[in-house]
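Below is one structure, written out as structure tokens; comments come after it.
The values are calculated or read from the model by the stated rules, or taken from the named source; none is laboratory data. Keep in mind that what you see is a predicted model, and the values were worked out from it rather than measured. Here the Cβ is made from the backbone with ideal geometry for all residues, glycine too, and neighbour counts use every protein chain on show.
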Amino acid sequence: MLEGRQKQEKREGLPDLKNVQDKKIVLRFAPNPNGPLSFGHARGIVINGTYAKEHAGTLILRFDDTDTTVKPPTLSAYDLIPEEVEWLLGRPADRIVIASNRISQYYEHAEKMLNEGFGYVCKCSADAFRKFRESKTNCPCRDKSIEQNQEDWNKMLDGTYKPGDAVVRVKTDMTLKNPALRDWPALRMQDTEINPHPRPSIGSKYKVWPLLDFQSAVEDYLQGVTHIIRGKDLMDSTRKQTLLYEHFGWTYPETIYWGRVKVHEWGGFSTSKMRASIENGEYQGWDDPRLPTIQGLQTRGIQAEALRNFWVELGVTQKDISVPLASLFSHNTKIIDDDAPRLSFIRNPVEIQIKGDVPSHVNIPVHPNHEDQGVRRISFDQSSIFIEQDDSVETYRLKEFADLEENGVLGSVERTDKRPIIHWVSSTTSEESTLIIPDQEEMKFISGRIETNNYPIGTIVQLERIGYAILTAKGYLLMHE
RNA sequence: GCUCGUAUAGUGUAGUGGCCCAUCAUGAAGGACUCUCAUUCCUUCGACCCGGGUUCAAAUCCCGGUACGAGCACCA
């Protein structure tokens, strides 16, 4: 039993979760619904979703929409995001929680905090408090009586205080080593008259709003979240929230972190930056194939399964990583190749009259590895073909057809030499079309001729010797090689 | 500045004291198959940040350094 331990093998899939014994795990993915989901969000969905699936647990989709001023939510995102999650996972989230529906729960916990003396209403300005934080000294508001805190809390709720006048803080310890943890703010006021919440049912209803660390912590507890997988930029959040959990007597969930991911070809896109570029017309919309949004990837023919495999392969390390798009494309190719019918697209077409023994038609396989996909019938009523200009300088063999000699004379049908093989279309069985290349800088449109076919829009094909492309209303959008 | 974190081939990743002159994928190069510059298959290339220490034994533990990243918001 001890002998012959196996040669080291790479672990398959995601690392094991700690603390999973005898309980149903509950995970959550919590974006701010302030726009469509991006490539980076996909990681959160895929990793949380995969763990939930592996352990037959629950995946909660939670909208952390508690900021109406700095990062105000977008109404359409509430419908869009669940659809994007479902597309990516192939199943919907088990439960959707909207923070703005649950303000009263957060108030209850804020009041409990005040009543039990581990929270207080602080009337220092942000600036003034920063000085206390830096000098590790208590602010005067810290020692107020419970009654006085309750009174101030009510003045927050009824709007006697204005945004900036008062916040509720969690009492931690002003001498804590980590400055980020010192009496951190839990709830603040927002002017929802000027900046109403976009959801009509919420609108200007509340003046006091929880901040992420408080809202998220309380909600995780209320929903029974067992495992949190989040960016390592939120490590201090974990520490802040753990302090709050101790006050409440709760046990903090198991937490895993990941680092930042950059894609070589995409630098840094932020939601706000993308929004601006779309508004000024640089991009067609959120679904522009050049954009690192879920929608953009969909437009570009990236399969949900490829995205899942891609993220699982990257795993959940805390390293900041930078990955090439080729890695994602490689996953995508594996999924689409068997089902992608082959077609010829001729860029910069050069017409050649063919002479000699021209048949009425030839049949070419739809897919070289799958005979059952049938044949494409190419007709020669006009006795002419198109080849790419770049291919017109030497003697070649027309793929699946015959050798092409000087002056357009057809040569041997059998392959008799090693001359290079090129793709081509017949004039009869082809039509004008466009190859669309989504380059980072600009969309490139290359006109040419596509082999006639009746594939519906959305079909993923392989343009021989060019790459995989998806059929759109405007032509063939090149996905990747 | 204070606090926290991470460092394995070009890019990712496995590995928690001996199976490791280090796993797998991707990439690059070459080859086989193929009437595609595709797919599939094979081969090759290529890495434990640096310096100490602990130990019979360290990629794995400790200390120091360096690099990179993050937090210190009444944003998420």
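Counting the residues of segment A:247-275 that are within 15 Å of RNA strand B (Cβ to nearest atom), surrounded by 16 or more Cβ atoms within 10 Å (Cβ to Cβ) and free of Cβ contacts under 8 Å to residues at least 60 places away in the same chain gives 1.
Out of the residues in segment A:244-258 meeting the condition of being of a type in the set (Phe, Trp, Tyr) and outside any strand (DSSP E or B), tell me which one is nearest to the chain's Cα centre (by Cα). That would be A:252.
The residue of segment A:285-336 that is nearest to residue A:260 (Cα to Cα), among those that are away from RNA strand B (no atom under 16 Å from the Cβ) and part of a helix (DSSP H, G or I), is A:294. Take the conditions (1) more than 16 Å from RNA strand B (Cβ to nearest atom); (2) among the small types (Gly, Ala, Ser); (3) in contact (Cβ under 8 Å) with a residue 60 or more places away in the chain; residue A:110 misses just one of them, which is (1). When restricted to residues that are in a loop (DSSP other than H, G, I, E, B), within 26 Å of residue A:194 (Cα to Cα) and of a type outside the set (Lys, Arg), segment A:31-81 contains 18. Going through (1) more than 10 Å from RNA strand B (Cβ to nearest atom); (2) assigned to a helix (DSSP H, G or I) one by one, residue A:129 falls short only on (1). Counting only residues that are in contact (Cβ under 8 Å) with a residue 40 or more places away in the chain and among the aliphatic types (A, V, I, L, M), which one in segment A:132-163 is farthest from RNA strand B (Cβ to nearest atom)? By that ranking, first place goes to A:157. Of everything in segment A:365-396 that's part of a strand (DSSP E or B) and free of Cβ contacts under 8 Å to residues at least 40 places away in the same chain, which residue is surrounded by the fewest Cβ atoms within 10 Å (Cβ to Cβ)? In this case the residue turns out to be A:375.
Looking only at segment A:368-380, decide whether some residue is closer than 22 Å to residue A:432 by Cα, out of contact with any His (no Cβ under 7 Å at 6 or more places or on another chain) and at pLDDT below 95. Checked against the condition, which is being closer than 22 Å to residue A:432 by Cα, out of contact with any His (no Cβ under 7 Å at 6 or more places or on another chain) and at pLDDT below 95, segment A:368-380 yields at least one hit. None of A:165, A:220, A:173 is modelled with pLDDT under 95 and in contact with a strand residue (DSSP E or B) (Cβ under 8 Å, 6 or more places away or on another chain) except A:165. Can you find, within segment A:198-243, the residue that is farthest from the chain's Cα centre (by Cα) among those that are assigned to a helix (DSSP H, G or I) and among the β-branched types (Val, Ile, Thr)? The qualifying residue farthest from the chain's Cα centre (by Cα) is A:242. In segment A:399-438, of all residues being under 15 Å from residue A:346 (Cβ atoms) and over 42 Å from the mean Cα position of the chain (by Cα), the one that is surrounded by the most Cβ atoms within 10 Å (Cβ to Cβ) corresponds to A:404. I need every pair where a residue in segment A:68-92 that is surrounded by fewer than 17 Cβ atoms within 10 Å (Cβ to Cβ) and modelled with pLDDT of 95 or more has its Cβ under 9 Å from the Cβ of a residue that is part of a helix (DSSP H, G or I) and among the acidic types (Asp, Glu), sequence separation at least 6 or different chains. From segment A:68-92, the pairs are A:90/A:305; A:92/A:83; A:92/A:86.
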